[in-house]
Every structure is written in C-alpha cells, then in structure tokens.
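Below: the structure, in structure tokens.
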C-alpha cells in the first residue's frame, strides 16, 4: 500500500470510493439507504476542498492494482489542523487503511506543532474506536437535525434586537477573532473563502448588536450535492436561533437541509423541533492534543470540516 497525494485524475475514483464506503457502512450497520444510486455527487469533496485547501488530501493506493484503498482530507489552520472525511474502500477493509492515513496526517500536524480536530459519527463505533485509540478525546456532542424548509419561507421568530446581514470582506478577521475568543481556534482562511464565494455555493451571515459588536456568525453550503448549515459560532442561544432562522429562510426555501446543534443547548434544540426538524444522527467533536474550552454555541459542519 502506497500513501500519496490526491491527483486530479483520481477524482472520479475518489468519488466512487467515498460513495461506496458510506453506502456500504450505512446499509450493513444501520440498514439505511441514504446516498442514492450514483457516485458522481461525491465529486463535491475534491472539487470544493481542492479549491479551499489545494493539495491537502492523501490517498492509499494498492500498488498491485492501482486502485484507491482509502482517502483522507485535512485542513491546516492557524491554531490547529482539522481532519475532513476519512474513507476506506470496502474491498480493502480490515487492512488498517484508515489508521495508516490518520497516522500520516497526525505526523504532519505533530511536525507543525498543531493539535488536530475532527467531527465524527457517534453511531459509527468503528471510527469512534479508531480515533480514541489514536488519542482523540470527545469534547462535545451534537444532534444532526434535518428540515424540509417551506417553499413559502420560515415562520417568523421574535425580535432579538440584533442586526443580521451578509458578511463582507472586512468582516473576515473580526469573525476569526470572535471564534478565537469563544472557542480557542482561528481559521480566517475559511471566512475569506466563504465571502469570495468563487464556487457560488458558500453563504456567511453575521449578527451584530446596536454597538456594532458581533453576537455570532453562521455559514452554509448550498451546492447540488451538499445542503448544510454551518460552520458558525454564537455567544448565546438567542443569537443562534435568529441566525439559524435567517440562513434557513434566505438560503434553503423549498429544500431539505441538515445542521448540527449542540445537545446541551435546550432552547435552540426546542426551537428546531418547533420548526419541524427531526433527528437523523449524532456526531462528536473530538480533539487530539490541546483542547481549549468551547464557550460559544457551535455549529460544526461536514462541508468544510475545518473546525
């Protein structure tokens, strides 16, 4: 098995790998069919991640056949590295492919002197066991919520006293500083990328108080292959609710969308249920290395998995 960087000719095979890995696991472990019949939508990962972090994907290649046995995306940031989606080709199961890929990225991050963060399914005990054996420690639990947003728009929410608007280029650094203050991580590259929106799929909103200070921010990806709210951080649940409401109403009318809400945020979760959202899975945020306390209301996401 050879570990090497992803190359553009690999993209179709990588899409098939990710699709097969996820489909087989959900079908055999949870008796769920949730990824359709085609692998082509999974090109979203190399397409969007190579634009965000060029060259930050490695694959395990079977040297005898030339087939991809596994893949891992990673995202170097100012304060940490993040691991994105990790997949093993079902035909190469039980060969330590995912472990080898994780160890490769952990060694790179260790050489850079950075902790590593990831969000993984709490329902996948195989990945949970792999990550915790490698030294990752879960620090927060999220419930995955799905909603079919009404075509006519979301029902109104009460006044919050906050001003909501789209983020501008000059907001990128203050958003990064805001997240650093609350959650101890900084990723200004992401916010500049969202605001530039060269792929025409990224959205980023901020909530400001009357004095102009930030109360929160919330992003989203609206791509034919990925409809999800996040990433974002808010100071309190009231800001989280109004920002989530705005993103759902402005971006996802008439479409199904998923977001992750911290399980301990009772008011936020209660409001999501009131809108009609239902639980579809549970996820854990885990850290390998130093883990500053997460003091804000955090919305992680699978696209991009950089926090």
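The values are calculated or read from the model by the stated rules, or taken from the named source; none is laboratory data. Quick caveat, the model's predicted, so the values are computed rather than measured. Here Cβ is always computed from backbone atoms with ideal geometry, including for glycine, and neighbour counts include all displayed protein chains.
Just one of (1) in contact with a helix residue (DSSP H, G or I) (Cβ under 8 Å, 6 or more places away or on another chain); (2) modelled with pLDDT of 95 or more; (3) in a helix (DSSP H, G or I) trips up residue 49, so point out which.
If we test residue 49 against (1) in contact with a helix residue (DSSP H, G or I) (Cβ under 8 Å, 6 or more places away or on another chain); (2) modelled with pLDDT of 95 or more; (3) in a helix (DSSP H, G or I), just (1) comes out false.
Condition first: outside any helix (DSSP H, G or I) and either under 18 Å from residue 300 (Cβ atoms) or in contact with a strand residue (DSSP E or B) (Cβ under 6 Å, 6 or more places away or on another chain) (or both). Now tell me which residues in region 189-213 satisfy that.
Once the filter is applied, which keeps residues that are outside any helix (DSSP H, G or I) and either under 18 Å from residue 300 (Cβ atoms) or in contact with a strand residue (DSSP E or B) (Cβ under 6 Å, 6 or more places away or on another chain) (or both), region 189-213 yields 201, 202, 203, 204, 205, 206, 207, 208, 209.
Give the number of residues within region 59-85 that are touching a strand residue (DSSP E or B) at 6+ places or on another chain (Cβ under 6 Å) and either surrounded by 24 or more Cβ atoms within 10 Å (Cβ to Cβ) or at pLDDT 95 or above (or both).
15
Of the conditions (1) touching a helix residue (DSSP H, G or I) at 6+ places or on another chain (Cβ under 9 Å); (2) in the same structural domain as residue 270 (by TED's automatic domain parsing); (3) modelled with pLDDT of 95 or more, residue 148 fails just one. Which one is it?
Result: residue 148 fails condition (1) only.
Restricting attention to region 87-97, which residues are crowded, with 24+ Cβ neighbours inside 10 Å and touching a helix residue (DSSP H, G or I) at 6+ places or on another chain (Cβ under 6 Å)?
Passing the criteria: 87, 88.
Restricting to region 102-136, count the residues that are in a helix (DSSP H, G or I) and buried (at least 17 other Cβ atoms within 10 Å of the Cβ).
Residues flagged as in a helix (DSSP H, G or I) and buried (at least 17 other Cβ atoms within 10 Å of the Cβ) within region 102-136 amount to 8.
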